[in-house]
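The values are calculated or read from the model by the stated rules, or taken from the named source; none is laboratory data. Only a predicted model underlies this, so the values are computations on that prediction, with no experimental measurement involved. Ideal geometry is used to build each Cβ from the backbone, glycine not excepted, and the neighbour counts take in all protein chains shown. The area values use the complete protein model at the heavy-atom level, side chains included, leaving out ligands, DNA and RNA. Shrake-Rupley method; radii C 1.70, N 1.55, O 1.52, S 1.80 Å.
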Amino acid sequence: MTVIFKLKTVCDITTLSKATIYREIKQGKFPAPIQLTNRSVGWLETDINAWVLSRKKVDLTRSSEVWRGE
């Protein structure tokens, strides 16, 4: 069964804002949505899960300045 997430769910899962998601899509760094209707889009669960899993893990054993990119 194919599951489709609406934007609010994608924001909740990724903890990214709507603006960040659309900016990342434009830069090719986030999965593009699929068109559901003329005014509605959604994201495939498999695409969102793959994106989440592709993120680098943070090494919390290092100092906070290092993992924050400071």
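Structure values in brief
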{"quantity": "Dipole of the chain, positive end: most advanced residue of Val10, Thr20, Ile48 [Cβ charges, Cα centre]", "calculated": "Thr20"}
{"quantity": "Solvent-accessible heavy-atom area per residue, rounded to whole Å², over the chain at 1.4 Å", "calculated": "79 Å²"}
{"quantity": "Kirkwood Rh and Cα Rg combined as Rg/Rh, the chain", "calculated": "1.07"}
{"quantity": "Net charge contributed by nearby residues that have their C-beta within less than 13 Å of Ser40 (K/R +1, D/E -1)", "calculated": "+3"}
{"quantity": "Selected from Lys18, Lys57, Lys26 as most flexible by GNM, with the chain as the system and alpha-carbon contacts under 10 Å", "calculated": "Lys57"}
{"quantity": "Among Arg23, Arg55, Arg39, residue whose mean-square fluctuation peaks in a GNM of the chain (springs only between Cα atoms under 10 Å)", "calculated": "Arg39"}
{"quantity": "Selected from Asp12, Asp47, Asp59 as most flexible by GNM, with the chain as the system and alpha-carbon contacts under 10 Å", "calculated": "Asp59"}
